[in-house]
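Read through the structure below, which is laid out as structure tokens, and then see the notes.
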Amino acid sequence: MLILASASPRRRELLTQAGLTFTVDSADINEDRLPHEIAAAYVQRLAEEKAQTIWNLRRSLDTPEDPLIVLGADTCVVCDGHILGKPANPDHGRRMLQLLCGRTHAVLTGIAAATRAKIVSDVEVTQVTFNVLTDSEIADYIATGDPLDKAGAYAIQGYAARWIPRIEGCYFNVVGLPIARTITLLEEARAKLGHIDRQRS
């Protein structure tokens, strides 16, 4: 049994498109960054905490015949040393987009799979280049409301695609979940479960 510990509709859509069967149970955790915590460690820790939190809550569903695997994920944007999550309000989103203008930034997604064996986790990084935007372009985009629930205040799969001439790395990572790496991670989690079960038998 697979549970996605995220309320993100993008992650849900990507897993569905990849042919996975799962349920959704979003984790409510403190997402504040620790002092001096670098971006990669931050998103990996949050992904692990989300996965472990839901696994602990739903552990009664875990059986040898149908082991419970919980997938957690968290994404942030890093530009010029600034770690950008979701904007707190429209003005915050405007400032984020102004920072990204004409620059290449990194999108980092931490992914984690929790089982009765252990947590396996990783971080995927994609480099994204933005065109220079005018103030009116930013204002019009903010007014749509689309950027307000996105890390870095934009969605590559939507209107903002017109401003992104180049990426280096996994496109789906920028959407919210690096699908190929996620599938590999889930396979690693299942392999560790099999190893644990063989040791106990």
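If I build a Gaussian network model for the chain, linking alpha-carbon pairs within less than 10 angstrom, which residue out of Ala112, Ala155, Ala39 has the largest mean-square fluctuation?
The residue with the greatest mean-square fluctuation here is Ala155.
Nearest 10 degrees is fine. How inclined is helix 39-57 to the longest principal axis of the chain, computing both from alpha carbons?
40 degrees
With a point put 7 Å past each Cα toward its Cβ, work out how far Ala88 is from Glu65 in nm, to one decimal.
Using points 7 Å along Cα→Cβ, the separation is 5.1 nm.
Listed here are the pairs Lys50/Lys150; Lys86/Lys192; Lys86/Lys118; which of them are more than 25 Å apart at the Cα? Let's see the in-between values first.
Details: Lys50/Lys150 18 Å; Lys86/Lys192 34 Å; Lys86/Lys118 29 Å.
In this structure, Lys86/Lys192; Lys86/Lys118 exceed 25 Å between Cα atoms.
Per residue of the range 88-98, in order, report the coupling 6.51 cos²θ - 1.76 cosθ + 1.60 (Karplus, θ = phi - 60°) as ³J(HN,Hα) in whole Hz, putting x for Gly and Pro.
Values, residue by residue: 6, 6, x, 5, 4, x, 4, 5, 4, 5, 5 Hz.
Which of Ala114, Tyr141, Gly102 sits closest to the plus end of the dipole of the range 75-147, meaning its Cα is farthest towards the positive end, when Lys and Arg get +1 and Asp and Glu get -1 on the C-beta?
The listed residue farthest towards the positive side: Ala114.
Tell me what the chain gives for mean residue ellipticity at 222 nm when only DSSP H runs of n ≥ 4 count, each as -39,500 (n - 2.57), the sum divided by the residue total, rounded to 500 deg cm²/dmol.
Numbers: 6 runs with 75 residues, N = 201.
Computed mean residue ellipticity for the chain: -11500 deg cm²/dmol.
For the chain, what is the charge dipole size about the Cα centre, in debye to the nearest 20, if Lys and Arg each add +1 at the Cβ and Asp and Glu each add -1 at the Cβ?
Details: 22 positive and 25 negative charges, 74 e Å.
Here the size comes out at about 360 debye.
Given the options Ile164, Ile54, Ile29, state which has the largest fluctuation in a GNM of the chain using a 10 Å cut-off (strictly under) for Cα springs.
Ile29
Readers should treat all values here as calculations from the given coordinates under stated rules, not as data from a laboratory. Keep in mind that this is a model prediction, so the values were computed, not measured. Counting neighbours? That spans all protein chains shown, and the Cβs are built from the backbone with ideal geometry, glycine included.
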